[in-house]
Amino acid sequence: MRSRCFPLGSSLTGEGVNFCVYSRNATRLELLLFESVESEKPRVVKLERTYHYWHGVVPDVGAGQLYGFRADGPAELGFRPEALLYDPYARQLAVPAGYERRGRPTLASSIKSQVVDRRARFDWDGDAPLGRPFANSVIYEMHLAGFTRHPSSGVRPERRGTCAGLVEKIPYLQSLGITAVELLPVFHFDPQDAPAGHLNYWGYSPLSFFALHPAYSHGPDPIREFKTMVKALHRAGIEVILDVVYNHTAEGGADGPTVCWKGLDRATYYLSDPNRPGGLADYTGCGNTLNGNHTVVRRMILDSLRYWVQDMHVDGFRFDLASILARDEQGRPQDNPPVLWDIETDPVLAGTKLIAEAWDASGLYQVGSFIGDSWKEWNGRFRDDVRGFLRAENGSVRPLADRLLGSPDVFGPENREAEQSINFVTCHDGFTLNDLVSYDAKHNEANGEDNRDGSNDNRSWNCGQEGPTADAAIEALRERQIRNFLTLNLLALGTPMLTMGDEVRRSQLGNNNAYCQDNELSWLDWSLVERNAGLLRFVRGLIAYRTARKPVSDRQLSLTELLRSFPITWHGIRLNQPDWSHTSHTLAFTTRLPGDEDWLHVMLNAYWEPLRFELPEGAWSRWLDTARPAPEDLVEAPGVRVTTPEVLLQARSVVVLRRVAPG
């Protein structure tokens with residue numbers, strides 16, 4: 001019975017299961033077959049070698065079979081022949097109850113791979129990725145489990161925190177109006193990669209690039225449950241974007257576990273530290289860095305992406321620390337990184353949404369210069385400059401104007417479309433929107449790291465008191481600031497992204513790095529939906545306005561082309577007299593946004609006192625006023641007629657007037 005060196009991983013054949021794994025530097029490689037996840041007495045199969053591929057066929061096994069590898073080779077290259085290694089291409093992993101990240105596991109306590117029948121039929125019923133243009137997208141970044149794990153979610157207890165639980169809450173997502181969910185990592189990750197006494201919640205510690213995290217399934221078949229969720233979201237008109245981590249693994253640095261890539265071929269899979277023989281380069285802050293531009297690793301990344309698109313029907317990916325993939329095998333930034341061009345030009349991925357977090361943990365910052373024609377980029381400048389303006393920083397007006405126009409100073413030189421900029425004020429990493437207006441400083445003591453973790457640069461303002469307050473005036477100001485942030489995010493040119501729960505004031509009590517808080521601090525408390533119904537209505541109205549815009553043209557205009565024909569007039573509190581001075585805290589503009597039939601007159605007052613703004617001539621109606629209580633903060637078209645030549649804007653508020661375009 002002849003085995004094959006392709007495909008990689010385990011694959012069912014008419015003769016049994018073919019196993020194949022890559023290792024250039026191993027001198028011996030064995031396949032171990034287990035009867036149970038905690039078995040100590042495996043059946044050992046010696047593998048044959050073709051080039052750098054080790055393979056073999058086992059005739060009397062099938063789907064569900066548990067297995068792993070043992071590899072021997074030079075100790076200086078990291079080989080540990082006693083370690084059980086799981087398959088990098090496994091579609092499912094099995095973790096025994098006795099698994100411990102720290103220390104050296106026995107066979108019984110080691111992670112195993114599991115054979116999956118990829119031929120198993122799933123009725124997609126004609127489903128396919130939706131292909132919605134970025135210009136018509138509003139992204140909702142969310143944690144798959146945290147969305148429904150809270151007891152208040154109303155989801156059946158056994159389904160809380162799972163794909164099936166998310167399906168039960170799709171009506172909420174539809175009513176919110178978002179067009180895509182961006183799920184924090186769903187690849188199988190190591191929950192023990194966290195400080196003692198805590199669990200990794202976010203999932204940025206991947207054990208696999210193919211297997212699903214099993215805790216996100218309530219049944220025995222995580223793959224089927226995930227597919228069912230994707231299919232249901234697509235039927236609701238909602239795209240699925242995965243946050244993916246192809247920059248490091250859960251194996252960490254020298255003191256991390258050896259469970260897969262380290263033991264199979266460390267020199268191939270990881271960047272080496274030139275200053276420490278046997279050490280791993282760390283451009284990620286997580287102990288190791290994947291060697292993304294090595295041929296073998298490039299193929300693994302491409303195979304993973306294709307799998308999630310072809311087999312799982314996802315619509316796109318957000319790449320964590322994407323600039324890592326621009327580094328060569330010596331860690332130096334490249335002008336034309338092969339792996340990024342592989343992803344860019346792969347026909348299977350054509351039309352797939354590609355979003356880059358275009359920086360890494362070692363200072364490589366590529367926002368505005370990321371490679372390729374298809375990539376969109378998280379715009380950290382948008383976050384920082386909008387925060388700066390709304391907390392009344394000096395010198396913040398001119399940068400804000402650029403952010404509202406799609407950041408032409410950042411993306412204009414690349415001659416890309418306005419949607420190149422993924423605009424966000426908050427994301428999973430940092431304060432929630434409620435905490436952004438409630439805390440001057442981070443409060444991460446619960447993480448067990450003496451409040452040293454998390455960013456110190458938050459550009460937040462507590463509105464007069466740190467943390468929760470019973471002061472009605474402070475609470476009103478905080479909600480006004482929240483509306484201000486949401487308004488600027490959803491009106492600006494670019495692709496807006498919101499963070500789970502911001503629409504109902506979810507709080508983490510000032511924790512801006514809740515990666516290890518798998519508890520009610522991080523979960524969405526659904527009682528907030530009723531408690532903050534007025535704010536939720538406001539957000540729904542903004543999103544509805546945003547998604548109702550018609551396409552700008554039949555072809556995709558570059559940001560430069562768009563702004564060249566973009567009708568906009570800048571003002572200050574006086575018409576046609578914008579105040580660009582260092583101490584200015586006001587801005588106004590008249591425009592007709594791309595795809596909109598109405599003209600808008602937008603007035604922004606970040607000053608701490610009320611100010612009167614002159615109005616252009618015309619029949620204007622008030623549509624939005626963040627200083628007014630619900631439901632007056634956002635009114636239905638045609639709005640409330642304005643009959644005066646000027647409008648009083650309350651301190652720290654935004655007012656938007658609408659006028660139907662003549663003709």
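The values are calculated or read from the model by the stated rules, or taken from the named source; none is laboratory data. Keep in mind that what you see is a predicted model, and the values were worked out from it rather than measured. Cβ: placed from backbone, ideal geometry, glycine included. Neighbour counts: every protein chain shown. Side chains included, ligands, DNA and RNA excluded: accessible areas come from the protein's heavy atoms. Shrake-Rupley method; radii C 1.70, N 1.55, O 1.52, S 1.80 Å.
Structure summary
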{"read-out": "Cβ crowding within 10 Å averaged over residues, with 256-268, 102-114 ranked highest first", "value": "256-268, 102-114"}
{"read-out": "Rough spin-label spacing in nm, given labels placed 7 Å along Cα→Cβ, for ASN136 and SER527", "value": "4.0"}
{"read-out": "Alpha-carbon centroids, region 142-195 and region 581-606: separation in whole Å", "value": "36"}
{"read-out": "Accessible carbon and sulfur surface of region 40-170 relative to its total accessible area, %, 1.4 Å", "value": "49"}
{"read-out": "Lys, Arg +1 and Asp, Glu -1 on Cβ, resulting dipole of the chain about Cα centre, debye, nearest 20", "value": "920"}
{"read-out": "Backbone HN-Hα couplings from phi across region 303-316 [Karplus 6.51/-1.76/1.60, Hz, Gly and Pro as x]", "value": "4, 5, 4, 4, 4, 5, 7, 6, 7, 10, 6, 6, 9, x"}
{"read-out": "Cβ-based charge dipole, region 311-397, positive-most Cα from ALA361, GLN334, GLY351", "value": "ALA361"}
{"read-out": "Cα lying deepest toward the dipole's positive end in region 514-663, options GLY595, LEU657, ALA630, charges on Cβ", "value": "GLY595"}
{"read-out": "Whole-percent carbon and sulfur share, accessible surface of region 211-361, 1.4 Å", "value": "47"}
{"read-out": "Antiparallel %, DSSP beta bridges [both residues in region 310-434], to 5", "value": "20"}
{"read-out": "Region 1-72, accessible area per residue, ligands and nucleic acids excluded (1.4 Å, Å²)", "value": "50"}
{"read-out": "Relative contact order, percent, region 589-663 [alpha-carbon distance under 8 Å, six or more residues apart]", "value": "43"}
{"read-out": "Calculated from backbone phi, Karplus (6.51, -1.76, 1.60) coupling profile of region 557-567 in Hz, x at Gly/Pro", "value": "7, 6, 4, 4, 5, 5, 5, 5, 10, 7, x"}
{"read-out": "Built amide H within the under 5 Å cut-off of LYS376, gap 5+", "value": "LEU354, ILE355, ALA356"}
{"read-out": "Within region 278-292, backbone nitrogen closer than 20 Å to the virtual label 7 Å beyond the Cα of ALA254 toward Cβ", "value": "278-291"}
{"read-out": "Lys, Arg +1 and Asp, Glu -1 on Cβ, resulting dipole of region 268-323 about Cα centre, debye, nearest 20", "value": "140"}
{"read-out": "Surrounding net charge for SER175, when Lys and Arg each add one and Asp and Glu each subtract one, Cβ distance under 13 Å", "value": "+2"}
{"read-out": "Label point 7 Å beyond Cα of ASN394 along Cβ direction - residues of region 576-616 with amide nitrogen under 14 Å", "value": "581-585"}
{"read-out": "Region 194-327, accessible area per residue, ligands and nucleic acids excluded (1.4 Å, Å²)", "value": "27"}
{"read-out": "Above-threshold pairs, the threshold being 30 Å between Cα atoms, out of LYS112/LYS376; LYS41/LYS227; LYS227/LYS442; LYS41/LYS262", "value": "LYS112/LYS376; LYS41/LYS227; LYS227/LYS442"}
{"read-out": "Calculated FRET efficiency for the pair ASP373/ASN576, C-beta based, R₀ 45 Å, to 0.05", "value": "0.75"}
{"read-out": "Selection of GluC sites (Glu not before Pro), region 60-142, meeting DSSP coil and at most 13 other Cβ within 10 Å", "value": "GLU82, GLU100"}
{"read-out": "ARG28 long-range amide H proximity, modeled H, under 5 Å", "value": "ASP72"}
{"read-out": "Environment charge at PHE411 (Cβ cut-off 9 Å; Lys +1, Arg +1, Asp -1, Glu -1)", "value": "-3"}
{"read-out": "Positive-end residue of SER272, ALA472, THR50, charge dipole of the chain with Cβ unit charges", "value": "THR50"}
{"read-out": "FRET efficiency estimate (nearest 0.05) - Cβ-Cβ, PHE122 to THR27, R0 45 angstrom", "value": "0.65"}
{"read-out": "222 nm mean residue ellipticity, helices alone, for the chain (DSSP H n ≥ 4; -39,500 (n - 2.57); rounded to 500)", "value": "-6000 deg cm²/dmol"}
{"read-out": "Calculated from backbone phi, Karplus (6.51, -1.76, 1.60) coupling profile of region 138-152 in Hz, x at Gly/Pro", "value": "10, 9, 10, 7, 8, 9, 4, 7, x, 5, 10, 6, 5, x, 7"}
{"read-out": "Rounded tilt (10° steps) of 380-390 against the dominant C-alpha axis of the chain", "value": "30"}
{"read-out": "Region 447-568, accessible area per residue, ligands and nucleic acids excluded (1.4 Å, Å²)", "value": "41"}
{"read-out": "Computed magnitude of the charge dipole of region 224-295 (debye, nearest 20; Cβ of K, R +1, Cβ of D, E -1)", "value": "360"}
{"read-out": "For LEU498, residues with placed amide H under 5 Å, excluding near neighbours", "value": "ILE139, TYR140, GLU141"}
{"read-out": "Cα gyration tensor shape of region 444-506, rounded if a/c is under 1.5, else prolate or oblate by comparing a/b with b/c", "value": "oblate"}
{"read-out": "Separation of the THR13 and TYR172 label points, Cα + 7 Å toward Cβ, nm", "value": "4.9"}
{"read-out": "Estimated distance in nm for a label pair at ARG104 and ARG224, the labels positioned 7 Å out from Cα along Cα-to-Cβ", "value": "4.1"}
{"read-out": "FRET efficiency for PHE6 and VAL44, using Cβ-Cβ distance with R0 set to 25 Å, rounded to 0.05", "value": "0.60"}
{"read-out": "Relative contact order [Cα under 8 Å, 6+ residues apart], the chain, whole percent", "value": "10"}
{"read-out": "Apportionment of accessible area to carbon and sulfur, region 515-663, percent (1.4 Å)", "value": "50"}
